[in-house]
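Read the figures in this text as sums done on the coordinates, not as results from a lab. It should be emphasised that the depicted structure is a prediction, and the values quoted were computed from it without experimental measurement. Using ideal geometry, Cβ is built from the backbone for each residue, glycine included, and neighbour counts are taken over all protein chains shown.
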Amino acid sequence: MKFSAEGLKNRAKFLTPELAKAFASSSEGTDPFTTGSDDIPKAFRVGECREISPERTESSVLLFWRSDDRTEQREIKVETVDKNDTWLVNKVSR
């Protein structure tokens with residue numbers, strides 16, 4: 001699950017070229033998609049989705065960390081855009 005150049009290459013078809021380029025400078029072993037650190041969530045759940053425009057949506061995604069010592073959840077926002085009839089992730093914000 002940790003970030004790698006190979007992993008980004010495999011996910012690039014789901015990202016806008018601009019986001020893929022921004023993530024390319026991320027450090028190996030981190031998670032630029034959700035936390036920007038090496039603290040990788042254990043699970044996630046997609047919540048509310050809203051239309052910003054006919055070509056753009058924003059979804060809430062809940063991230064979960066659960067262990068014997070920790071129970072935590074955080075929300076991120078994921079913006080998707082319609083490019084040539086394909087929905088691509090354009091922005092991830094915390």
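Taking into account only those residues within region 1-60 that are surrounded by 15 or more Cβ atoms within 10 Å (Cβ to Cβ), in contact with a Leu (Cβ under 9 Å, 6 or more places away or on another chain) and not hydrophobic (A, V, I, L, M, F, W, C), which is nearest to residue 78 (Cα to Cα)?
Among them, the one singled out is 34.
When only residues in region 8-67 that are in a loop (DSSP other than H, G, I, E, B), farther than 15 Å from residue 83 by Cβ and of a type in the set (Ser, Thr, Tyr) count, which is nearest to the chain's Cα centre (by Cα)?
34
Go through (1) outside any loop (DSSP other than H, G, I, E, B); (2) touching a residue at least 40 places away in the same chain (Cβ under 8 Å) one by one and return the number of the condition residue 87 breaks.
For residue 87, the failing item is (2).
For region 7-17, does any single residue satisfy the condition of being in contact with a helix residue (DSSP H, G or I) (Cβ under 8 Å, 6 or more places away or on another chain) and touching a residue at least 24 places away in the same chain (Cβ under 8 Å)?
Yes - at least one qualifying residue is present in region 7-17.
I'd like to verify a number: residues in region 78-94 that are exposed (fewer than 13 other Cβ atoms within 10 Å of the Cβ) and within 15 Å of the chain's Cα centre (by Cα), how many?
Selection size over region 78-94: 2.
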